[in-house]
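Please see the structure below; I have some questions.
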Amino acid sequence: MAIFSLKNCTVSLLFILAFVLTSWSILISKQTHPLSVVPSNEPDAYMENIVAIMMDKKGLPSLKIEAPKMLHYIEKDTTHIITPHVTIFRDSPEPWYINSDTADATNGTEQIVFSNHVIIHHPADVANPNTTMNTTSLTVFPDQQQAKTVDPVVITQPDTIIHAIGMLANLNSGTIKLLSNAKGDYVPNS
């Protein structure tokens with residue numbers, strides 16, 4: 001029996017020694033090769049030739065994003081979108097279309113900030129005339145169906161051109177509130 005105990009003790013000692021050597025080896029390798037972390041100012045992911053459609057709770061399209069390239073950054077969960085073409089669907093048969101040079105979406109698509117040569121267009125429907133707006137920046141909240149800017153905006157509708165500083169739009173109802181310096185021109189079609 002003493003030989004059996006010595007054999008068990010030797011095997012146990014070898015297992016403990018192997019465990020200690022393995023643990024030490026892992027610890028050394030982690031110190032010499034730390035995990036790589038993506039710097040917050042560099043993208044952690046990118047996509048090209050994007051066509052993304054978000055659905056609402058009823059399974060109907062609520063938002064469509066088309067772009068040649070998107071870059072995602074971990075910091076603030078921000079996605080930088082190059083030349084976005086965004087469609088915001090609403091209760092009306094005609095959606096809103098938004099185009100710009102760039103856009104930044106935060107927290108998924110909770111808020112999208114469009115920048116440089118922003119064009120917002122809504123084709124005519126039973127409740128609203130054909131409407132096109134031009135501005136330098138626009139913040140859109142797709143879930144609330146709202147859009148706003150504090151920058152100069154030019155709104156073009158049939159026979160009317162309106163210049164204003166700042167705008168708040170309810171994309172679902174089509175109502176547009178101008179914030180200041182609103183001036184309109186009647187321009188009849190020739």
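What about Asn134, is it over 18 Å from the mean Cα position of the chain (by Cα) and not hydrophobic (A, V, I, L, M, F, W, C)?
yes
Hey, among the residues in the range 136-164 that are of a type in the set (Asp, Glu) and out of contact with any Gly (no Cβ under 9 Å at 6 or more places or on another chain), which one's farthest from Ala182 (Cα to Cα)?
Here the residue is Asp143.
Test Thr87 against the stated conditions and say whether it is among the polar types (S, T, N, Q) and closer than 23 Å to Ile53 by Cβ. Give the steps one after another, and end with the answer.
Details: among the polar types (S, T, N, Q): yes; closer than 23 Å to Ile53 by Cβ: yes.
Yes; evaluated as a whole, the condition is true for this residue.
Something else about it: So which residues in the range 53-83 are among the hydrophobic types (A, V, I, L, M, F, W, C), surrounded by 14 or more Cβ atoms within 10 Å (Cβ to Cβ) and in a strand (DSSP E or B)?
Step one: filter the range 53-83 for residues among the hydrophobic types (A, V, I, L, M, F, W, C), giving 53-55, 60, 63, 65, 67, 70-71, 74, 81-82.
If we keep only those that are surrounded by 14 or more Cβ atoms within 10 Å (Cβ to Cβ) too, we end up with 54, 63, 65, 67, 70-71, 74, 81-82.
Across the range 53-83, the qualifying residues are Met54, Leu63, Ile65, Ala67, Met70, Leu71, Ile81, Ile82.
Going by the structure shown, is Ile98 out of contact with any Pro (no Cβ under 9 Å at 6 or more places or on another chain), surrounded by 15 or more Cβ atoms within 10 Å (Cβ to Cβ), farther than 19 Å from Tyr73 by Cβ and at pLDDT 95 or above? I'd like the intermediate steps shown before the answer.
Numbers: out of contact with any Pro (no Cβ under 9 Å at 6 or more places or on another chain): no; surrounded by 15 or more Cβ atoms within 10 Å (Cβ to Cβ): yes; farther than 19 Å from Tyr73 by Cβ: yes; at pLDDT 95 or above: yes.
Taking the combined requirement at face value, the residue does not satisfy it.
The values are calculated or read from the model by the stated rules, or taken from the named source; none is laboratory data. Keep in mind it's a predicted model, so treat the numbers as computed, not measured. Cβ: placed from backbone, ideal geometry, glycine included. Neighbour counts: every protein chain shown.
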